[in-house]
Structures are given as structure tokens and as C-alpha cells.
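The values are calculated or read from the model by the stated rules, or taken from the named source; none is laboratory data. From a predicted model like this one, the values you see are computed outputs, not experimental measurements. Every residue, glycine among them, receives a Cβ derived from its backbone with ideal geometry; neighbour counts consider all protein chains shown. Surface accessibility is based on the protein's heavy atoms, side chains included, excluding ligands, DNA and RNA. Shrake-Rupley method; radii C 1.70, N 1.55, O 1.52, S 1.80 Å.
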Amino acid sequence: MAWRSLAFDPKMKLNRKSITAEKKRHTLKSLVISDFNRRILFLCCIVAGSVHDYTLMKDVFTPDSAWFEKVNLWLDLGFLGADKDYQSTQIYLPYKKPRKSKKNPNPTLTPEQKKQNRKQAATRVIVEHAIGGMKFFHCLMHRIRNHLDHFVDYFFSLSAGLWNYKIC
């Protein structure tokens, strides 16, 4: 199988609040790397939903090593700043809309920036379809009713494996 998952890391122990929150929803996230064929190539360990996407990426793939030297990365705005830390990599980030201020009361992107953002979104939607394909198996969509923290990692891994098997 082409995808890989890091084993559950006991140092990154999930907070019980992150699994059973006030509204009875689990807020967990994982870093997913997909290719243009919607296959999931990498699935990192599961962390609480409050961990920022870029912080998780820096923990898993340290900026000083050459992880993505020969690949192009299409990232969303959750990874803002990655182009500065991973300079040996070709990173495509969308343009962020400027903030509203007294000097700029109606902030907008230029037509060229909007065109570039649309092009990147059309490329990134393939990854979003792969993530949505994992959710197709519904074990990630509903409340997790177990008491074993490491069991949550298996839900993500099995969903990724079944999705890869389904699209082959």
C-alpha cells in the first residue's frame, strides 16, 4: 500500500476534552498528503483540533531537513509561512486578502492574484476530495464512543487504507 501512517505517539497524548467536547463532537485532525490521483500517500498521527496546521507540519517535517526537496507542495492558508521555512521546496500558497484599514477601506486582491488563487484552488480540490473520501466511511464523521486513545488512530488509518483500495 502506498500510504503511510505514523504510529500513535504517547507523548502527544490526546486530551480527553478533545475527544468528548461540550457539544459531544470530537475535534481531531491529522496531516494528509495526497497525489493528483486522490490517493493518500501520508497520514500523520492524530492530534487535538486546536493544534495549528502549520505547527503540526513543522513538528512532523522539520524545516532544516530536505523532506520536500523534489516535490511541489500545494498548501492552503493554514500553512502560511511555510514558504519562508522550507525554502528548498517549491511551495504554492494562495494570496491572502489584505486586512481592512483606514487607508484601505475596501481591500481586494488584484485580478491576477484572484486568477492565481483560482488555479491553485482547482489543483487543491483534488486533495480535498481525498480527505472527503476518507470521511465517506463515516467512522470519522460520528462521535467516537470508545475509551482507548490509541484506537482513534486506527479509525484514520483504516479510512485512508479503504479509500486507497476503493479508488484503485
Got a number for residues in region 91-113 being exposed (fewer than 10 other Cβ atoms within 10 Å of the Cβ), in a loop (DSSP other than H, G, I, E, B) and not basic (Lys, Arg)? 4
Going by the conditions given, is His129 touching a residue at least 40 places away in the same chain (Cβ under 8 Å) and open to solvent by 60 Å² or more (accessible area, probe 1.4 Å)? yes
Among the residues listed as Met141, Met134, the single one being assigned to a loop (DSSP other than H, G, I, E, B), hydrophobic (A, V, I, L, M, F, W, C) and either exposed (fewer than 11 other Cβ atoms within 10 Å of the Cβ) or out of contact with any Pro (no Cβ under 7 Å at 6 or more places or on another chain) (or both): Met141
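Residue by residue, here is whether (1) out of contact with any Lys or Arg (no Cβ under 9 Å at 6 or more places or on another chain); (2) of a type in the set (Val, Ile, Thr) holds:
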residue	(1), (2)
Asp53	no, no
Leu56	no, no
Asp64	yes, no
Trp67	yes, no
Lys70	yes, no
Leu77	no, no
Ile91	yes, yes
Looking only at region 147-168, how many residues end up being part of a helix (DSSP H, G or I), open to solvent by 50 Å² or more (accessible area, probe 1.4 Å) and over 14 Å from Asn37 (Cα atoms)? 4
Can Leu80 be described as crowded, with 16+ Cβ neighbours inside 10 Å and within 18 Å of the chain's Cα centre (by Cα)? no
